[in-house]
Amino acid sequence: MLKHIKSATLAGAMALVAGAAFAQDYPSKPIEVIVGYSAGGGTDVMARTAAPFIEKYLGDGASLVVKNMPGASGQIGVTEAANADADGYTLGTFNLPGMMARTIDREAAYDRDSFTYLANVVNDPNVIVTTKGGGLDSIDKLVEEAKANPGAVTVGMSSLGGDDHFMLIKLQELTGAEFTIVPFKGSAPARTALMGGHVAMGILNISEVAEFQEELNVLGVATEERSDFAPDLPTFQEQGYDLINGSMRGFIAPAGLPEDVQAKLLDAFAQLETDEEFLAAMKATANPVEVVTGDEFKTLTSDLYDLAKGVWEATPWN
Amino acid sequence: MYSELLHALPEVIGFSNFAAVIIGVIAGIVVGAMPGLSATMAISVLVPFTFGLEPLVALGLMAGIYNGAMYGGAIPAVLLRIPGTPAAVATTFDGYPMAQKGEGGFALQVAVVSSAIGGIASAFALMLLAPPLSKVTLLFGPSEVFWVAVFGLASIIFLLGGNPVKGLISACFGVFVSVIGADPIYGTDRFTFGQLEMLDGISIVILLVGLYALPPVIDLLETPLKTDGVESSKLGTEPIWKAMPRMKGFWKTWLRSSVIGIWIGILPGAGGSMAAFMSYNEARRSSKHPERWGEGEPEGVAASETANNADTASALIPALTLGIPGTAVAAVMLGGLLVHGLQPGPMLFRENPDVVFGFMWQFLFGAILLILLGGSLATNSFARLLNLPRPLLGSVIIVLMLIGVYSIHGRMFDVYLMLGFGAVGWVMDKLKFPLPPVVLGLILGGFAEENLRLALRIGRGDWSVLFQNTTSLILVALTVAVVVGPIVKRRMIDRRKHAES
Amino acid sequence: MSNRLTRPETLTALGIVVVAAGFLVPAAALRPISALLPVAMLVGLIGLSVILLISDQRKAAAGEAAAPMSKSPTRVAGAFALIVAYAVATDLIGFYVSTVVAVPLTAFLFGYRNPLGLALATVIVVGAIWLIFDFGMSQEFPAGRLWAA
């Protein structure tokens, strides 16, 4: 009996030592970062750009390996990350509001409590654009036209249940105007249809129109402060419309990470915000950076879930 | 713009950048020539790897692979009737009969010369006409693109083969497969049975490898012959300069197919296979002896191979200027550009002229290098490989099919799906159901539906939106002409015969 | 009478009808506009298969013998089973192990028995794949689900 207790204490002590050693050693092997999109997509570029900086801040020769698991708008990858071992050796990329909207509009094998929220890194705000020569060259004129002829203004955007869609819902609720949604497969085809005058208006993200400002009327940006990508572009708040919305990308780990590992990761991610070299690299790949870590990121996700849930209950999109 | 084009040249002919193109072309030919491996797969594997490379080295590799693979796909298409890439399906029509007649070597020479010509024409279009051609792309909204797809689907009629009922079954099957996945507008699941892997639709490469490569592999194992029918001695290769005079009558086909390929390339979504099918049909239509087509007519190989290379560089026109790639391969390449901070758009040409114009030069060099690298040497060495004992060749192809399909998305699900299509393909092959309508149906069915539904959204449910502008009406007229024309022509010939007798 | 129904084309036509009709069930749950194209294709498949069935039965009635699908069905079934087994093995015990076994095994079973040739082919194929994909491009193939658990 005594022997048993002895060995149990010993085992317990050993486990404690091992646990401490674990945190000190972390990371002792390569960390896998699961990206839910193909190599070369916006999320993939973010992960690959951030990886060397995270390695630097984790120190001790840490190494991050990006693994692409594309499919189902990122759902395959994020499901894999949510269900991985919570040991800090599997991280994943996370997109908002998409990942939360998927838990509402289809069956998902994860929910908002499945994750340890590390950091949101990119916040790409929405913009409203209209075709050149269409006459709708200000947000006031646009809203006026949509109110006078409900449904006559066609809106090109990427798929339903994404940030573009929620932006339009917010605009409709705010103004009472009514639009006809034309959901293209992705932003680039929507932008092209807009340039060709096949739709009247578009909801895109600032990074997607930064290179096209001469070809389109960009009416405003949905942020509190003006964006670095187009400093001359007024926000909607400046123009009297309280619209804040955007597409976000960040990093998560499975829920239940050991506390010290979590602290170490959070610390590494938090340092991205002030790293000039990182900021420059992100700007070159058209990723507007806004670092939000830990609990704040979790709150942000929860808020977006509630928004999506509310929209879904009022006007389900499929 | 043209001075910037010249300014970019010295950089491109630097050692490492030029070597990248050469390596790319060789790798591309090999990948294309291996049944099961495709250009899409090769470039998706390459993209993450290029993170650490200089932009022009990375882009040179990609340009080389793309050009090389579009020709490489012709090698197994001619020798084994397995198209190495989706765009080489039309090459099998006359290429394989030629090989059976002992003209395989000549077929491959026609293929390499035609590929190079198509590629060069396309590179020039990209270099000199990218901005104006991107304006043409803008003319095509959803309703116009819908009509382009219908036009393409109408050409299925010419691919039905001997038994129209079986041909139509094939076409319906292809179109049905194209609707599997998320609904294009609402995103709801259609026939995915809860499998997330099927939500993005079924990749053409998976279907193609299953339908086209598995049945021949089973055949290789079924009949225990020592070697395949095509032997290098019977390949009939002679030096390429000696073969050139036999091709001098092809210039009309080369010209026509180049134009078709470039045009299809600038329209987003349709891609190389449609270009090859259309150019094959047009070439046959204007041939003096259409009855020889399908029996080993070298001009058929020329038409298909010119067009599938002519849409390589031109597919990058909408990709670079508008961010909408013209083919699946161009879509993957766009990712490669993004990795190097090259954002598509009108500013791209102003902000990074050396890289963008350098990339264009690399396409041109890639196309020219095809003749040198893809000539007799490459062709002969591959023909030798096919002389392997049949069971061995079969088992090697099985391995290639598995890695080719697995590597696209990195998942076994696709491999099982491919085997399922393989079983279907084997039955179709034995019962003489034609395979080309399946391929065209898969490529164009979902594409037509998506654009029709977008057009209806824009027209708020009013179908007349499909006929509201000139571009649409021209396309409708063309489609009607293609479908009704041959029937009217045959009637008139019959009537004349009647009157004469 | 029964062998009239086991003609390959008749069986295929019946198979298409059954499968297409089966797919009509989930199609019924879709929105009309979403169901338009798939239902059109399924109905098309059913209609065309019925035509195929009738024409094949007419041939049968005329006493025309159906061509057999394969000269040696056992070899075909064996080849297919081997390919499926190879895919499953890759999934479960890993790509390299399965390939090292599958390449020589397939060739051997189907009539190529030269041991030197088999060994050489296996080494070249597996070696080249490892060198290009794993070593050169750090591309991973399935490591085997059995080991991961």
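The values are calculated or read from the model by the stated rules, or taken from the named source; none is laboratory data. Keep in mind the model is a prediction, meaning the values are calculated, not measured. All Cβ positions, even for glycine, are placed from backbone atoms using ideal geometry, and neighbour counts span all protein chains on display. Only protein heavy atoms, including side chains, enter the accessible area calculation; ligands, DNA and RNA are left aside. Shrake-Rupley method; radii C 1.70, N 1.55, O 1.52, S 1.80 Å.
By its C-alpha gyration tensor, with a ≥ b ≥ c as the square roots of the eigenvalues, how is chain B shaped: rounded for a/c under 1.5, else prolate for a/b larger than b/c, else oblate?
Because its axes are fairly even, with a/c under 1.5, chain B counts as rounded.
Just want the answer: with Cβ charges of +1 for Lys and Arg and -1 for Asp and Glu, which residue in A:L307, A:V155, A:N95 is farthest toward the dipole's positive end in chain A?
Farthest along the dipole direction, towards plus: A:N95.
If you line up the long axis of helix C:8-28 against the longest principal axis of chain C, both from Cα atoms, how many degrees apart are they, to the nearest 10?
90 degrees
With charges only on Cβ, +1 for K and R and -1 for D and E, what is the dipole size of the protein assembly as shown about its Cα centre, in debye, rounded to 20?
For the protein assembly as shown, the charge dipole is close to 5100 debye.
Under 18 Å between alpha carbons, and skipping anything fewer than 8 positions from B:K288 in its own chain: which aspartates and glutamates qualify?
Within reach: B:D94, B:E297, B:E299.
Work out the charge dipole of the range B:2-468 with +1 on the Cβ of Lys and Arg and -1 on the Cβ of Asp and Glu about the Cα centre, then indicate which of B:S464, B:P97, B:A116 is farthest towards its positive end.
Toward the positive end, the furthest listed residue is B:P97.
Assign one of three labels to the range A:126-226, namely rounded, prolate or oblate, based on the Cα gyration tensor with a ≥ b ≥ c the square roots of its eigenvalues; rounded applies when a/c is under 1.5, prolate when it is not and a/b is larger than b/c, and oblate otherwise.
Judged from the Cα gyration tensor, the range A:126-226 comes out rounded (a/c under 1.5).
Taking a ≥ b ≥ c as the square roots of the Cα gyration tensor eigenvalues, with a/c under 1.5 meaning rounded and otherwise prolate when a/b beats b/c, else oblate, which class fits chain C?
Verdict is oblate for chain C.
Using the Cα centre as the reference, give the magnitude of the dipole from point charges on the C-beta atoms of the range A:125-245 (Lys, Arg: +1; Asp, Glu: -1; all else neutral), rounded to the nearest 20 debye.
I would put it at about 440 debye.
What's the FRET efficiency of A:Q237 with B:F349 using the Cβ-Cβ distance as r and R₀ = 35 Å, to the nearest 0.05?
It comes out at approximately 0.50.
Order B:116-128, C:124-136, B:85-97, B:44-56 from most to least packed using the mean count of other Cβ atoms within 10 Å.
Result, highest mean Cβ count within 10 Å first: B:85-97, B:116-128, B:44-56, C:124-136.
Which value in deg cm²/dmol, rounded to the nearest 500, describes the helix-derived mean residue ellipticity at 222 nm for chain B, given -39,500 (n - 2.57) per DSSP H run of n ≥ 4 and division by the residue count?
-23000 deg cm²/dmol
What does the structure give for C:78-84 when I average, per residue, the other chain Cβ atoms found within 10 Å of the residue Cβ?
Per-residue shielding by partner chains comes out at 6.
So if a site counts as exposed when it's one of the GluC sites (Glu not before Pro), its DSSP state isn't H, G, I, E or B, and it has at most 15 other Cβ atoms within 10 Å, what's the longest stretch of chain B without one?
B:1-230
Restricting to Cα pairs below 8 Å that are 6+ residues apart, what does the relative contact order work out to for the range C:2-61? Please round to a whole percent.
Taking the mean separation of contacting Cα pairs over the length of the range C:2-61, I get 51 percent.
If you average the sequence gap of Cα pairs under 8 Å that are 6 or more apart and divide by the length of chain A, what percent do you get for the contact order?
Over chain A, the number comes to 25 percent.
Spelling out what I want: for every residue of the range B:28-38, take phi, set θ = phi - 60°, compute 6.51 cos²θ - 1.76 cosθ + 1.60 (Karplus), and round to whole Hz; glycine and proline get x.
Calculated HN-Hα couplings, in order: x, 4, 5, 4, x, 6, 7, x, x, 8, 9 Hz.
Against the longest alpha carbon principal axis of chain C, how many degrees, from 0 to 90 and to the nearest 10, is the axis of helix C:32-61 turned?
Between helix and principal axis, roughly 80 degrees.
Search the structure for amide H atoms under 5 Å from the amide H of A:L91, placed 1.01 Å from N in the peptide plane, and list their residues when 5 or more places away or on another chain.
The list, which skips near neighbours in sequence, is A:E32, A:V33, A:I34.
Take peptide A:33-46, look around each residue's Cβ out to 10 angstrom, count Cβ atoms belonging to other protein chains, and average those counts.
Rounded to a whole number, the mean comes out at 4.
With a 10 Å radius around each residue's Cβ, average the other Cβ atoms per peptide and rank B:74-83, A:249-258, highest first.
By packing density, highest mean first, the sequence is B:74-83, A:249-258.
Which of the helices in chain A, when you take each full DSSP H run, stretch at least 15 Å along the axis at their Cα atoms and have an average Kyte-Doolittle score of 0.5 or higher?
A:2-25
Rounded to the nearest 100 Å², what is the sum over both chains of accessible area buried where B meets C, with a probe of 1.4 Å?
The summed interface area works out to 4900 Å².
Give me the inter-chain shielding for C:31-39: mean count of other chain Cβ atoms within 10 Å, whole number please.
6
Run down the aspartates and glutamates and flag those whose C-alpha is under 15 Å from the C-alpha of A:K170, throwing out any fewer than 8 positions away in its chain.
A:E178, A:D242, A:D303, A:D306, A:E313
Among DSSP beta bridges lying fully in the protein assembly as shown, give the percent that are antiparallel, nearest 5.
65 percent
Do any of A:K141/A:K185; B:K166/B:K489; A:K185/B:K135; A:K29/A:K309 go past 30 Å between their Cα atoms, and which?
A:K29/A:K309
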